Amino acid sequence: MQSESNDRVRDQVRTAYAKVARGEDGCSVGCCGTRGEGSLSLGYSADDLASVPEGADLGLGCGNPQAIAELGPGEVVLDLGSGAGFDCFLAAKRVGRSGRVIGVDMTPDMVVKARDNARRVNADNVEFRLGEIEHLPVGDASVDAILSNCVINLSPDKGAVFREAFRVLKPGGRLAISDVVATTTMPAELASNLEALTGCVAGAASVESLRDALRAAGFVAVRIEAKVGSGALLGGCMPGAEDFVASALIQAEKPGKTGCCAPSCCSVTEST
C-alpha cells in the first residue's frame with residue numbers, strides 16, 4: 001500500500017513539472033518566479049546565467065549547490081532532479097572536458113528539454129537520463145559528487161534517495177544539496193495540499209529527520225545549515241509557507257579517502 005501511495009505522489013509531481021517543461025502552466029510549481037534575474041538572489045552570478053543555454057534556468061531551485069560542491073576538473077558529477085539542465089551545464093564547465101555530468105529526472109518532458117539544450121550548445125560532457133532518484137540509473141561507486149536543488153523534498157521516500165546516493169558515490173565522494181526543510185510542524189491543511197507538495201513545501205522534512213536518514217544511509221560529516229531569511233522567499237512562492245519552512249544547504253560524505261567513519265565525524269548546524 002505504501003508503494004502505491006508513493007507512486008501517486010510521483011505521478012502528481014511528474015504531471016506538474018511536465019507542464020512547466022512544456023511551458024503550459026507558467027509558474028505553477030516550486031519557486032519558478034526566481035528564474036533569470038531572480039536566480040541571482042539564490043547565489044548564482046550573472047556569468048552563471050549567461051553561460052547556460054536559453055531555457056535551462058526554469059527558476060525551480062531554492063539555493064545554489066554549486067557554491068558548496070567544490071567541483072574540480074575531471075570529476076564525475078550527478079544531478080538529482082536535473083530539470084532542464086541548469087546546474088548540469090554549470091557543473092560541466094567546472095569539471096571540463098575531462099570530466100562528465102549526468103542529470104537524472106523522472107519527468108520525460110524535462111529530459112527531452114534538457115537533451116535539446118545540450119545539443120544546442122554541443123555540451124558533449126553532459127548526458128541526461130530518465131529515472132527516479134530513489135532508483136538511480138547509475139552504476140555503483142561511479143560518481144565523485146552529487147548535486148541537487150530543491151528536489152529531494154518532492155520524494156516520498158527520502159531514505160531511499162540517500163541510500164541510492166551512497167551507492168553510486170565513490171569512496172570519499174560527497175553530497176552538495178540545496179533543499180527546503182521544515183522548521184516546525186505544518187498545519188494539516190498545508191501538509192496535505194497538492195499545490196504545497198508540488199511547490200516544494202508540504203514534502204519538506206525536518207533537519208533532524210534528514211540528519212537521521214543521511215546517517216542511516218552511511219554518510220558522515222553531515223552538515224545542514226538553514227539559511228537565515230529564506231522563509232520569506234519561499235513564502236513569496238507559496239503564501240503562508242514562510243512560518244514553516246526554510247531553504248538549507250546540506251553536505252555529507254561517503255567514508256573512504258579520509259577514513260572517517262565514527263559518529264564524531266558527523267555534525268549538524270542549523271541557523272535560523
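The values are calculated or read from the model by the stated rules, or taken from the named source; none is laboratory data. What you are looking at is a predicted structure, and each value in this text was computed from that prediction instead of being measured. Every residue, glycine as well, gets a Cβ built from its backbone with ideal geometry; the counts of neighbours run over all protein chains shown. Areas reflect the complete protein model, heavy atoms only, side chains present, ligands, DNA and RNA absent. Shrake-Rupley method; radii C 1.70, N 1.55, O 1.52, S 1.80 Å.
So which residues in the range 175-188 are hydroxyl-bearing (S, T, Y) and in a strand (DSSP E or B), if there are any at all?
S178
Condition (residue is in contact with a strand residue (DSSP E or B) (Cβ under 9 Å, 6 or more places away or on another chain) and modelled with pLDDT under 85) applied to the range 74-84: is it met by at least one residue?
no
Which residue pairs have Cβ atoms closer than 7 Å, lie 6 or more positions apart in sequence or on different chains, and pair a first residue in the range 58-69 that is closer than 13 Å to A176 by Cβ and open to solvent by 10 Å² or more (accessible area, probe 1.4 Å) with a second residue that is of a type in the set (F, W, Y) and part of a loop (DSSP other than H, G, I, E, B)?
N64/Y44
Examine the range 156-174 for a residue that is over 23 Å from D7 (Cα atoms), assigned to a helix (DSSP H, G or I) and of a type outside the set (V, I, T), and state whether such a residue exists.
No, there is no match, as no residue in the range 156-174 is over 23 Å from D7 (Cα atoms), assigned to a helix (DSSP H, G or I) and of a type outside the set (V, I, T).
Pairs only if they're at least six apart or on different chains, beta carbon under 7 angstrom, first in the range 79-108 and on the phi > 0 side of the Ramachandran plot, second open to solvent by 10 Å² or more (accessible area, probe 1.4 Å) and acidic (D, E); list them, first residue then second.
G81/D105; G83/D105
Being under 14 Å from the mean Cα position of the chain (by Cα) and surrounded by 23 or more Cβ atoms within 10 Å (Cβ to Cβ) is the filter here; which residues of the range 115-135 pass it?
Correct list: I133 only.
Being of a type in the set (D, E, K, R), surrounded by fewer than 23 Cβ atoms within 10 Å (Cβ to Cβ) and at pLDDT below 95 is the requirement here; does E195 meet it?
It is true that E195 is of a type in the set (D, E, K, R), surrounded by fewer than 23 Cβ atoms within 10 Å (Cβ to Cβ) and at pLDDT below 95.
Taking the range 238-269 on its own, how many of its residues are among the aliphatic types (A, V, I, L, M), modelled with pLDDT under 90 and either surrounded by 14 or more Cβ atoms within 10 Å (Cβ to Cβ) or under 15 Å from G199 (Cα atoms) (or both)?
5
Can you list residue pairs whose Cβ atoms sit under 6 Å apart, with the first residue in the range 199-226 being within 14 Å of R163 (Cα to Cα) and the second being open to solvent by 10 Å² or more (accessible area, probe 1.4 Å) and part of a strand (DSSP E or B)? Count only pairs 6 or more apart in sequence or on different chains.
The qualifying pairs are V220/E253.
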